Amino acid sequence: MAWVTGHQLRLYNSLGRLTEDFTPSADVVGLYSCGPTVYAYQHLGNMRPYVFADTLRRSLRWKGIAVRHVINITDVGHAVADSDTGEDKLELAAERERRSVDEIAEFYTKDWLAALTALNVQPADEYPRASAYVDQMIEFAKVLEDKGYTYQVPSGLYFDTSKSPGYGQLALLDLAGQRETGRVEHVEGRKHNSDFALWRAEEPGVRRIMRWNSPWGWGAPGWHLECSVMSMALLGDHFDIHTGGVDHRELHHVNEIAQSEAFLADDRPWVRYWLHNEWVLLDAQKIAKSAGHTLRLADLVESGYHPMAYRLFLLGGHYRSQLDFTTTAMDAAQATLRRLIARVAPLRPLPRVETLDEARALADGTGDQAALAYVEAIDAAITNDLATPRLLATLQDALRDPEVSTAGLRVVVAAADALLGLRLGDLEASEVDQRRTPEDLAPQEVAAIERLIAERTQARKERNWARADEIRDELDALGVQVTDTPAGPTWQLR
Ligand code: AMP
Ligand code: ZN
């Protein structure tokens, strides 16, 4: 086919659990990635799905395939513990932090987007917010109801999974087994344990903060509904690739598929390729939000690591392998990054490369056969289900290879970084190495910071949260990080 150059792009499809050739079904490939629930800071593990999706996106671009990327923002409907009933994660956070749900969502969305920028993740084309699509979700559920896929119980409207042929195929679900095991919450009137809520009705006597009226009474949409509705609204009924963390392969994506295929009823798979990233582990456990303190990218930066070192740490493992997060591994990543920057800095400026064709043409232009071979090796690595560890090794080989000319090496480094996104073309060694400390500031700068912090403390005392946040943003812009301790606020420079 005309669009294929070099090696065929091959991806591991969770649907069928096989590595398959990737063939786009349209001129612009639709890519949907399940996004964050914005009720708390995203931890380091949470960042892996987006670095992974970014790698996928860069790889498609590398093969000359245009992409439209959508990442949703869950600001409603996600009940505690991923269940269908109980309080909403956002409403709980709003209570805890004494802020409105809108403020909570806004604050954590901004923080997440800033982390993505720091990690050099290319912005998605759309970041739909679930709360803006509730009307469409109700319409979607009505269609399912008309088609006879649903039933109503006191806690809401449920999807009857026994009516969905092939339910659970993505998860290789043994439905009979699942019905027997007891590890499922009890929902009054639910027919099968695998049935899930399309609409979560308000419990009697409980008035939710985020509530909508629906044919099934006041309440909020079920969590799974949003991704089906928003992806179809923004990418069309069918699209090519859906990504998320490996947990979604077992439940969330299973339910998305069931309701979407019931809705479309066109005897075609809803989405063709399902890709899932594995966990980042901390002390052999999945990093999680609920364990008290959440380890964030900002914590790493505060400890002197550059965000690109974390990106390098992630790319050093294949996306389908679990990764152990340790200080030793981060130190190694930071050292590797430092050495990489020192080695490539003298080669700058690097040429602009995004695609294999561009890299080949440039390498051809240098007449350097060794460089051309490295470009092909880079292509072989990335097309092999995004083998970033091999790609990194190939880059290191090229940097050590005396056969490669300087002009050729420029092309190889630019080509590798089109896929790795490590900012090899512009990251300064000094950025990676140095942390500013308050000692680096002039006394009047320190005084200005202290004044802002005092003003913020006052604003918080007066419960003027908006002003307090405004000041925090101002401090943020100055590179000042404030930590509130029982003894009062302390600050550091990032
Ligand atoms: P959440 O905001 O909890 O819905 O998580 C956002 C995304 O991060 C989902 O795709 C999760 O599967 C993924 N995720 C959560 N924890 C980890 C982890 N420790 N390692 C890798 N991915 C994770
Ligand atoms: Zn989703």
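Under the √(5λ) rule applied to the eigenvalues of the Cα gyration tensor, what semi-axes describe the equivalent ellipsoid of segment 356-494? Give them in Å, descending. Don't jump to the answer; show the numbers that get you there.
Working: eigenvalues 495, 55, 30 Å².
After scaling each eigenvalue by five and taking roots: 50, 17, 12 Å.
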Original post:
In nm, to one decimal, how far is the modelled label at GLU188 from the one at GLN152, with both set 7 Å along Cα→Cβ?
Top reply: 1.5 nm
Original post:
Which of the lysines could a cross-linker bridge to LYS110, judged by Cα under 23 Å and excluding same-chain residues fewer than eight apart?
Top reply: LYS89, LYS289
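For ASP135 and THR327 in one chain, what is 0.36 nm times their gap in residues minus the Cα-Cα distance, to one decimal in nm?
Values: separation 192, 0.36 × 192 = 69.12 nm, distance 4.66 nm.
Length gained, ASP135 through THR327: 64.5 nm.
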Original post:
Per the 1.4 Å probe, what fraction of the accessible area of the chain, in percent, lies on carbon and sulfur atoms?
Top reply: 50 percent
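Rounded, prolate or oblate: which one fits the chain, using the alpha carbon gyration tensor with axes a ≥ b ≥ c (rounded when a/c is under 1.5, else prolate when a/b beats b/c, else oblate)? Working shown, then result.
Numbers: a/c = 2.26, a/b = 1.19, b/c = 1.90.
Verdict is oblate for the chain.
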Subject >> lysines with Cα under 20 Å of LYS163, excluding same-chain neighbours fewer than 8 positions away >> reply: LYS142, LYS147, LYS191
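Which peptide among 35-42, 67-74, 261-268 comes first, and what is the full order, when sorted by highest mean count of other Cβ atoms within 10 Å?
The densest-packed peptide leads the list: 35-42, 67-74, 261-268.
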Original post:
Between segment 217-259 and segment 23-58, what is the C-alpha centre distance in whole Å?
Top reply: 14 Å
Subject >> Rounded accessible area per residue of segment 393-494, 1.4 Å, Å² >> reply: 54 Å²
**OP:** Output the peptides 224-237, 471-484, 401-414 sorted from most to least packed, where packing is the average of other Cβ atoms within 10 Å over each peptide's residues.
**Re:** 224-237, 401-414, 471-484
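With every protein chain kept in place and ligands, DNA and RNA left out, what is the accessible area per residue of segment 123-171? Probe 1.4 Å, answer in Å².
On the way: 2200 Å² over 49 residues.
Heavy-atom SASA per residue in segment 123-171 reads 45 Å².
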Original post:
Where the centre of each part is set by its Cα atoms, how far does segment 297-342 sit from segment 135-149, in angstrom?
Top reply: 45 Å
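Which whole-number percentage describes the relative contact order of the chain, with Cα contacts under 8 Å and a sequence gap of 6 or more? List each step's numbers first, then the result.
Values: 782 pairs, mean separation 84.6, N = 494.
It rounds to 17 percent for the chain.
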Original post:
For labels at VAL143 and ASP397 in the simple 7 Å Cα→Cβ model, what's the distance in nm?
Top reply: 4.9 nm
**OP:** Would you mind computing, in nm to one decimal, how far apart the modelled labels at THR336 and SER430 are, each placed 7 Å from Cα along Cα→Cβ?
**Re:** 2.7 nm
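The values are calculated or read from the model by the stated rules, or taken from the named source; none is laboratory data. Since we're looking at a predicted model, the values are computed, not measured. For neighbour counting, all protein chains shown are included, and Cβ atoms are generated from backbone atoms with ideal geometry for every residue, glycine included. Just the protein is used for accessible areas: all its heavy atoms, side chains included, with ligands, DNA and RNA removed. Shrake-Rupley method; radii C 1.70, N 1.55, O 1.52, S 1.80 Å.
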